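So the structure is just underneath, and the comments pick up after that.
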Amino acid sequence: MRDFTKPFATQILLLLALTYTLFSSPTIYAADAATSADGITTSHGFALYGDLKYQEGFSHLEYVDPNAFKGGSVRLMGFGTFDTLNPYTLRGISPINTPGQYVYGFSEETDSLLVGTEGVSRSGDEPQSAYGLIAESISYPEDLSWCVFNIRKSARFQDGHPIDADDVLFSWQTLIKKGHPQFRQSLKAVKDVVVIDPHTVKVIFTHTNAGSDILRFGELPVLPKHYWQDKDFTKTTLSLPVISGPYKIKSVSPGKSITFERNTEYWGRDLAINKGRYNFDTVQFDYYRDQTIAFEAFKSGEFDTFIEYTAKNWAAAYNFPALQKQQVLKEEIKHQIPSGTQGFFFNTRKPIFSSVKVREAIALLFDFEWTNKNIFHNAYTRNTTYFPNSVFDASVAKPDALELNLLDQYRDILPAELYQQPFSPNKLISTQTLSNGKKNQGSIRHKQRQALKLFNEDGWHLKNGALYHTETGQPFEFEILLRQSSIKRVIEPFIANLRKTGIKATARLVDSSQYKVRLDDFDFDMTTFVLSQSLSPSHEQREYFHSSTRDIKGSRNYAGVSHPAIDNLTETIIRAKTRQELITATKALDRVLLWNHYIVPNWHLNYHRIAYWNKFKKPDQQPPYKLGFENWSIKSDN
């Protein structure tokens, strides 16, 4: 155990050193005088709830093959385009920030202090647990008011420069000042970062019980100060960056492809957390802007895997010769991953969507049951929660006593039904049984009547087949912003139902770059999106739903949520001390979000749909919480 106790004189030196560190380029290493060895835990990792699954000295993760063949090349599909290799700023789109690339586990990102909770190396078999990567160990007191990361002396950037505490301090300062706004949100509880010596850094938090904040700082990408200190971090760049990590960027064709090459000199290749992983010698991503064209390219062998997001294709398009000859394999891989919050997001910053009644009325006009049968081949389950496929789903029962303890103070600003019943999917059922016993598929007249009643209550009335506001005379019109052409076949029947109710809705398809800019600026009326959810919701809920993020450019509070109950519940989630406290607070948040109708809920699956050319060997055990493609290898006889 490291003893940081020093005489009072050293405290003065520490304060001077900190001042110098924060406001000048040279780093003065200072001893820490504020801690004691009593009651301090030092560990190879950190678990937010309970114990780490893998004890110190573990040899490898259970869901990898530690003797996997190293070698071979793979080509993968990227979607959209990219214009920068800096993934940490608001400007531009980097490869890892294009849709779906994170699933594969290869990126231009650099290593972090801990690994397991976020990013491409998320744990596959335990929630909210992280293990030392750049940090050999982590030390912390019982009240979790601070932590110390002990940096491995072997850690190196790919140019051979050692990774040290100065890089950690520089990364924190740079990312909260110049990085994407999400860093300021996720790291807002960090009060100070103190360099103790070249391999020891202390993080001090603004409060106690900062377990989730320890993990957020552990996820911090450690940037090379020697590379970035004389460059403009905020600008887009296609220069090959200096990073750490198992892969180097070998080559780039701007916007079209990026090739990663396995770093045979990777400093962390023998760590237990990396054994059996990152087995391909080269990984190339080729970018497509159209899924149909990409699928044809896959069928002809232009790339090696295809993750299918379209139910119609999965049901009907996989009858090509290579699959019939088993040169291509088609597989549904079960998982236990909480599905994301997927829906049509209302931008409540727009006056037309400021009313809960209006949002509820529009949600009634999306005919999921017809869509699922006629477009999705009945492949999906309707979302009735912001946390599908998880224990945080509040739609299965009315609030219990633990939830009521959190919700009772908001009875005057929440609907009475929230306290009396679960959010019911029955409101969203579109088919009804006629007198002759036949199903009236596609007819939603009963839902239109419900919707019109809600519109009328909010001051909207039908006139000559169009919906107008009684006082202002404003017609009800809005635009739905889309990024993928394939979603239009789902949107068009929705638009038709809206039109039958007097609403003029139009779909606007834009490319990935325009889409990102418009989302960053909240320049849309309604859009489709998926907010990723984890096994243990935490700081991301603040970014998604807290009022403090409503007007921050680039935040993911796309719906413009601003509600005191939601603010309190997001903070309660972040500060939860036990798993039960987390479940209770998240269910309460789910309940309040549902009854405020910030989205038109979409659908989810509980399995991966993937097709791949028959050249891969997979580990025997499939991780329940991720696809784990980075653990696959090429068959050694290929």
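Show the residue pairs that are 6+ apart or on different chains and have beta-carbon atoms under 9 Å apart, the first residue being within region 193-213 and of a type in the set (S, T, N, Q), the second being buried (at least 22 other Cβ atoms within 10 Å of the Cβ) and part of a strand (DSSP E or B).
T200/V148; T200/F149; T200/I151
Out of G276, G255, G343, report the one residue that is among the small types (G, A, S) and closer than 30 Å to D65 by Cα.
Numbers: G255 fails: closer than 30 Å to D65 by Cα; G343 fails: closer than 30 Å to D65 by Cα.
Answer to the selection: G276.
Just one of (1) in a helix (DSSP H, G or I); (2) surrounded by fewer than 22 Cβ atoms within 10 Å (Cβ to Cβ) trips up T570, so point out which.
Of the numbered conditions (1) in a helix (DSSP H, G or I); (2) surrounded by fewer than 22 Cβ atoms within 10 Å (Cβ to Cβ), the odd one out for T570 is (2).
Those residues that are out of contact with any strand residue (DSSP E or B) (no Cβ under 6 Å at 6 or more places or on another chain), touching a residue at least 24 places away in the same chain (Cβ under 8 Å), within 18 Å of K225 (Cβ to Cβ) and open to solvent by 10 Å² or more (accessible area, probe 1.4 Å), I need them from region 167-186; list them, please.
F170, Q173, T174, K178, F183, listed by residue number.
Can you spot a residue in region 218-227 that is farther than 30 Å from D286 by Cα and open to solvent by 20 Å² or more (accessible area, probe 1.4 Å)? Spell out how you get there, then give the answer.
First, pick out the residues of region 218-227 that are farther than 30 Å from D286 by Cα: 218, 225-226.
Of the ones still in play, those that are also open to solvent by 20 Å² or more (accessible area, probe 1.4 Å) are 225-226.
Yes, region 218-227 contains at least one residue that is farther than 30 Å from D286 by Cα and open to solvent by 20 Å² or more (accessible area, probe 1.4 Å).
How many of the residues making up region 354-400 are among the hydrophobic types (A, V, I, L, M, F, W, C) and either closer than 14 Å to G343 by Cα or touching a His at 6+ places or on another chain (Cβ under 7 Å) (or both)?
Taking region 354-400 first, the residues among the hydrophobic types (A, V, I, L, M, F, W, C) are 356, 358, 361-366, 368, 370, 375-376, 379, 387, 391-392, 394, 396-397.
Retained after the next criterion (residues that are either closer than 14 Å to G343 by Cα or touching a His at 6+ places or on another chain (Cβ under 7 Å) (or both)): 356, 362-366, 368, 387.
Final tally of qualifying residues: 8.
Please pick out the residue among A505, A466 that is open to solvent by less than 30 Å² (accessible area, probe 1.4 Å), within 34 Å of the chain's Cα centre (by Cα) and either more than 30 Å from G92 (Cβ to Cβ) or not β-branched (V, I, T) (or both). Give the derivation first.
On the way: A466 fails: within 34 Å of the chain's Cα centre (by Cα).
Sole residue among the options that is open to solvent by less than 30 Å² (accessible area, probe 1.4 Å), within 34 Å of the chain's Cα centre (by Cα) and either more than 30 Å from G92 (Cβ to Cβ) or not β-branched (V, I, T) (or both): A505.
Take the residues of region 151-160 that are assigned to a loop (DSSP other than H, G, I, E, B) and in contact with a strand residue (DSSP E or B) (Cβ under 8 Å, 6 or more places away or on another chain): which is surrounded by the fewest Cβ atoms within 10 Å (Cβ to Cβ)? First the steps, then the outcome.
Taking region 151-160 as the starting set, the residues that turn out to be assigned to a loop (DSSP other than H, G, I, E, B) are 152-155, 157-160.
Now restrict to residues that are in contact with a strand residue (DSSP E or B) (Cβ under 8 Å, 6 or more places away or on another chain): 152-153, 155, 158.
Values: R152: 19, K153: 12, A155: 21, Q158: 20.
The qualifying residue surrounded by the fewest Cβ atoms within 10 Å (Cβ to Cβ) is K153.
Tally time: how many residues in region 583-638 are more than 20 Å from the chain's Cα centre (by Cα), small (G, A, S) and crowded, with 19+ Cβ neighbours inside 10 Å?
Residues that pass the stated criteria total 3.
Suppose we filter region 471-493 for residues that are hydroxyl-bearing (S, T, Y) and not in a helix (DSSP H, G or I); how many remain?
Quick first cut of region 471-493, residues hydroxyl-bearing (S, T, Y) only: 472, 485-486.
If we keep only those that are not in a helix (DSSP H, G or I) too, we end up with 472.
Qualifying residue count, region 471-493: 1.
Among the residues of region 240-251, is there at least one that is part of a loop (DSSP other than H, G, I, E, B) and of a type in the set (F, W, Y)? I'd like the intermediate steps shown before the answer.
Within region 240-251, the first condition is being part of a loop (DSSP other than H, G, I, E, B), and the residues that meet it are 240-246.
From what is left, the residues that are of a type in the set (F, W, Y) are none.
No; the residues of region 240-251 include none that is part of a loop (DSSP other than H, G, I, E, B) and of a type in the set (F, W, Y).
Run R556 past the list (1) more than 18 Å from the chain's Cα centre (by Cα); (2) open to solvent by 40 Å² or more (accessible area, probe 1.4 Å); (3) modelled with pLDDT of 95 or more and report the number of the one that doesn't hold.
With respect to (1) more than 18 Å from the chain's Cα centre (by Cα); (2) open to solvent by 40 Å² or more (accessible area, probe 1.4 Å); (3) modelled with pLDDT of 95 or more, R556 is out only on (1).
Which is in contact (Cβ under 8 Å) with a residue 12 or more places away in the chain and in a loop (DSSP other than H, G, I, E, B), of K577, K587?
Working: K587 fails: in a loop (DSSP other than H, G, I, E, B).
After ruling out the rest, the residue left standing is K577.
Report, by residue number, each residue of region 246-268 that is at pLDDT 95 or above and either open to solvent by less than 20 Å² (accessible area, probe 1.4 Å) or of a type in the set (A, V, I, L, M, F, W, C) (or both).
Scanning region 246-268 gives Y247, I249, V252, I258, T259, F260, N263, Y266, W267, G268.
Among the numbered criteria (1) touching a residue at least 40 places away in the same chain (Cβ under 8 Å); (2) under 24 Å from N606 (Cα atoms), which one does D281 miss?
Of (1) touching a residue at least 40 places away in the same chain (Cβ under 8 Å); (2) under 24 Å from N606 (Cα atoms), only one is false for D281: (2).
Right, F285: in a strand (DSSP E or B) and either in contact with a strand residue (DSSP E or B) (Cβ under 7 Å, 6 or more places away or on another chain) or open to solvent by 30 Å² or more (accessible area, probe 1.4 Å) (or both) or not? Outline the logic, then answer.
Numbers: in a strand (DSSP E or B): yes; either in contact with a strand residue (DSSP E or B) (Cβ under 7 Å, 6 or more places away or on another chain) or open to solvent by 30 Å² or more (accessible area, probe 1.4 Å) (or both): yes.
Here the answer is yes, as F285 does meet what is asked.
Mind listing just one residue for me: the one in region 520-557 that is assigned to a loop (DSSP other than H, G, I, E, B) and polar (S, T, N, Q) and, of those, nearest to A47 (Cα to Cα)? Step through it out loud before you land on a result.
So in region 520-557, the residues assigned to a loop (DSSP other than H, G, I, E, B) come out as 521-525, 532-538, 546, 550-557.
Still in the running and polar (S, T, N, Q): 532-534, 536, 538, 555, 557.
Values: S532: 21, Q533: 18, S534: 15, S536: 11, S538: 13, S555: 27, N557: 28 Å.
If we take residues in region 520-557 being assigned to a loop (DSSP other than H, G, I, E, B) and polar (S, T, N, Q), then S536 is nearest to A47 (Cα to Cα).
So is V148 in a strand (DSSP E or B), open to solvent by less than 10 Å² (accessible area, probe 1.4 Å) and touching a Ser or Thr at 6+ places or on another chain (Cβ under 9 Å) or not? Talk me through it step by step, then tell me what you get.
Values: in a strand (DSSP E or B): yes; open to solvent by less than 10 Å² (accessible area, probe 1.4 Å): yes; touching a Ser or Thr at 6+ places or on another chain (Cβ under 9 Å): yes.
Judged against the criteria, V148 is a match.
Can you pull out the residues in region 537-553 that are among the polar types (S, T, N, Q) and either under 25 Å from R518 (Cβ atoms) or open to solvent by 30 Å² or more (accessible area, probe 1.4 Å) (or both)?
Quick first cut of region 537-553, residues among the polar types (S, T, N, Q) only: 538, 541, 547-549.
Q541, S547, S548, T549, listed by residue number.
Would you confirm, using the coordinates I've provided, whether L271 is over 27 Å from Y54 (Cβ atoms) and either open to solvent by 40 Å² or more (accessible area, probe 1.4 Å) or not basic (K, R) (or both)? Full working, then the answer.
Values: over 27 Å from Y54 (Cβ atoms): no; either open to solvent by 40 Å² or more (accessible area, probe 1.4 Å) or not basic (K, R) (or both): yes.
So L271 does not fit the description; no.
Of everything in region 508-519, what is more than 22 Å from R550 (Cβ to Cβ) and part of a helix (DSSP H, G or I)? Give them in sequence order.
Step one: of region 508-519, the residues more than 22 Å from R550 (Cβ to Cβ) are 508-514.
S512, S513, Q514 - these are the residues of region 508-519 that are more than 22 Å from R550 (Cβ to Cβ) and part of a helix (DSSP H, G or I).
Given T200, T206, which one is at pLDDT 95 or above, surrounded by fewer than 20 Cβ atoms within 10 Å (Cβ to Cβ) and hydroxyl-bearing (S, T, Y)? If you could, list the steps in order and put the result at the bottom.
Values: T200 fails: surrounded by fewer than 20 Cβ atoms within 10 Å (Cβ to Cβ).
Of the residues listed, the single one that is at pLDDT 95 or above, surrounded by fewer than 20 Cβ atoms within 10 Å (Cβ to Cβ) and hydroxyl-bearing (S, T, Y) is T206.
Restricting attention to region 494-507, which residues are hydroxyl-bearing (S, T, Y) and assigned to a loop (DSSP other than H, G, I, E, B)? Reasoning before the result, please.
If we filter region 494-507 for residues that are hydroxyl-bearing (S, T, Y), which is where we start, we get 501, 506.
Result: T501, single match.
Checking the condition of a type outside the set (F, W, Y), open to solvent by 10 Å² or more (accessible area, probe 1.4 Å), farther than 25 Å from P493 by Cβ and under 18 Å from the mean Cα position of the chain (by Cα), which residue from S562, S534 passes?
On the way: S562 fails: under 18 Å from the mean Cα position of the chain (by Cα).
After applying the criteria, what remains is S534.
Look through D551, D525, D567 and report the one residue that is touching a helix residue (DSSP H, G or I) at 6+ places or on another chain (Cβ under 9 Å) and free of Cβ contacts under 8 Å to residues at least 24 places away in the same chain.
On the way: D551 fails: touching a helix residue (DSSP H, G or I) at 6+ places or on another chain (Cβ under 9 Å); D525 fails: free of Cβ contacts under 8 Å to residues at least 24 places away in the same chain.
Result of the check over D551, D525, D567: D567.
Identify the residue in region 473-493 that is open to solvent by 40 Å² or more (accessible area, probe 1.4 Å) and within 19 Å of V356 (Cα to Cα) and, among all such residues, is nearest to the chain's Cα centre (by Cα).
Taking the candidates together, the pick is E477.
The values are calculated or read from the model by the stated rules, or taken from the named source; none is laboratory data. Only a predicted model underlies this, so the values are computations on that prediction, with no experimental measurement involved. Cβ atoms come from the backbone with ideal geometry, glycine included; neighbour counts cover every protein chain shown. With ligands, DNA and RNA removed, areas are computed over all heavy atoms of the protein, side chains included. Shrake-Rupley method; radii C 1.70, N 1.55, O 1.52, S 1.80 Å.
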